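Scroll down for the structure; my scribbles are underneath it.
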Amino acid sequence: MSCVNITKMSWPQFKERESIYHIFCKHFSNTSFVAVRQGEVLGFLLGFISQVKAGHGYIHLVATDPKNQRQGIATALYEKFFRTTKKKGVRHVSLIVNPDNVASLRFHERLGFRPNLRGALIAVAGVEAVKDYNGPGNHMVPFTKEI
């Protein structure tokens, strides 16, 4: 199963240009990882080291095949990203989560990420988010973790 298919199965409403996978696999392959078991893709993490903010990494997208969720695959991918980027000088990792994705919010908090709420805020389904973070009406919860 491809990364594109895993994303579509995990989040049918997720909209991303398919070229993003090519960009990460080609230009950020040293910080983007795929979990494979017996030739089957179980999940992936697309991340990079900031080119303009020294010591910072960013995780763009993580997905696990729904039939393999809750097996520690995503956690293992994050840990690999942390180990790899820390060796390259990264001390802070950031990402954003849609405020209505309660499972993802809780998962990232369990991993030690903390909300980094700055600017105009808005409550979405009882969750505080940065208003219009990703454009008008696209509110997000930015997270940061020190590694």
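Every read-out reported here was derived from the displayed coordinates using simple, explicitly stated rules and does not represent laboratory data. None of the values given here were measured: they were computed from a predicted structure. Neighbour counts are summed over all protein chains in view; Cβ atoms, including those assigned to glycine, are modelled from backbone coordinates with ideal geometry.
Please go through the stretch 108-147 and give me each residue that is among the polar types (S, T, N, Q) and closer than 20 Å to VAL90 by Cβ, ordered by number.
ASN116, THR144
Can you tell me which condition LYS86 does not meet? The list is (1) in contact with a Lys or Arg (Cβ under 6 Å, 6 or more places away or on another chain); (2) within 23 Å of ALA54 (Cβ to Cβ), and all the others hold.
For LYS86, the exception is condition (1).
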